[in-house]
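Inspection log for the structure reproduced underneath, given as structure tokens.
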Protein chains: 2
Amino acid sequence: MNKVFKALNDQTRREILNLLKEKDLTAGDIAEAFQITKPSISHHLDILSQAELVTSHKQGQFVIYSLNTTVLDDLMKWIITLKD
Amino acid sequence: MNKVFKALNDQTRREILNLLKEKDLTAGDIAEAFQITKPSISHHLDILSQAELVTSHKQGQFVIYSLNTTVLDDLMKWIITLKD
DNA sequence: GTAATATTTAGATATTTGTCTAAATACCTA
DNA sequence: TAGGTATTTAGACAAATATCTAAATATTAC
């Protein structure tokens, strides 16, 4: 859970998740949605991957990222436990 | 929401919330549950307060902290929105 | 008022983090 | 194989963060 909270503690990363909610996107597509450089986005995607909030697979020269809701379910359980 | 994610991005603060789930506690009670100093715990409590994850009121020389689940509800909504 | 207890504030420091530029890697096309 | 596009890796740097010690504030008890 540590990595999940860390990953969510950044506005850009939360927006990336929101983009991926709509549909899968390549790293390049995601980068174009922000004002920061591609290496920075790549780094954010890495942190999201480590937290398993996103998955990715290579398709030719492109890397396609997808939202992984499994971890979001775990997060929900964590919150519910806190509430009793 | 920014402050909420920030506040949750720390193991000690998440454990503080878990303690407060059981019952309200004074700052001193909370500090005793951890190996870090009282000023550090005080700082963590400040961050949790800023995120409105806890509320506090003074009772004599003691400051009593309580869990505030309202923000947790907002967090749940955020997650659900992400999942559709 | 003085002393004791509870908590916070102030200031310092080492670590982590988000960002950048430059370079490297991977894949495709001709 | 050479050149172009997509993405990541490496290294640097400023800002944010968690922690500490020392001091300040607030309350209670005598």
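The values are calculated or read from the model by the stated rules, or taken from the named source; none is laboratory data. Predicted model, so just to flag it, every value in this text is computed and none were measured. Cβ sites come from the backbone with ideal geometry, for glycine too, and all protein chains shown count toward neighbours. Surface accessibility is based on the protein's heavy atoms, side chains included, excluding ligands, DNA and RNA. Shrake-Rupley method; radii C 1.70, N 1.55, O 1.52, S 1.80 Å.
Among residues belonging to region B:21-50 that are within 11 Å of DNA strand D (Cβ to nearest atom) and assigned to a loop (DSSP other than H, G, I, E, B), point out the one that is farthest from the other protein chains (Cβ to nearest Cβ).
B:T37
Scan A:D73, A:D84 and give me the residue that is within 14 Å of chain B (Cβ to nearest Cβ) and at pLDDT below 95.
A:D84
So A:D24 fits all but one of (1) within 18 Å of B:I79 (Cβ to Cβ); (2) in contact with a Ser or Thr (Cβ under 7 Å, 6 or more places away or on another chain); what number is the exception?
All conditions pass for A:D24, except number (1).
One residue is enough: does region A:58-72 have a residue meeting the conditions assigned to a helix (DSSP H, G or I) and either among the hydrophobic types (A, V, I, L, M, F, W, C) or within 15 Å of DNA strand D (Cβ to nearest atom) (or both)?
Yes, that holds for at least one residue.
Report, by residue number, each residue of region A:1-41 that is more than 11 Å from the chain's Cα centre (by Cα) and hydroxyl-bearing (S, T, Y).
If the condition is that a residue be more than 11 Å from the chain's Cα centre (by Cα) and hydroxyl-bearing (S, T, Y), then A:T26, A:T37, A:S40 are the ones that fit.
Within region A:45-84, which residues are open to solvent by less than 70 Å² (accessible area, probe 1.4 Å), within 25 Å of B:K21 (Cβ to Cβ), touching a helix residue (DSSP H, G or I) at 6+ places or on another chain (Cβ under 7 Å) and more than 16 Å from DNA strand C (Cβ to nearest atom)?
Hits for region A:45-84 are A:V71, A:L72, A:L75, A:M76, A:I79, A:L82.
Taking B:L20 as the residue in question, decide whether it is touching a Phe, Trp or Tyr at 6+ places or on another chain (Cβ under 8 Å) and within 23 Å of B:F5 (Cα to Cα).
yes
Just to be sure before I move on: is B:S42 near DNA strand C (Cβ under 10 Å from one of its atoms), open to solvent by 50 Å² or more (accessible area, probe 1.4 Å) and on the phi < 0 side of the Ramachandran plot in the structure I sent?
So B:S42 passes the test.
Please go through (1) crowded, with 16+ Cβ neighbours inside 10 Å; (2) within 14 Å of another protein chain (Cβ to nearest Cβ) for B:N18 and return the number of the only condition it doesn't satisfy.
Condition (1) is where B:N18 drops out.
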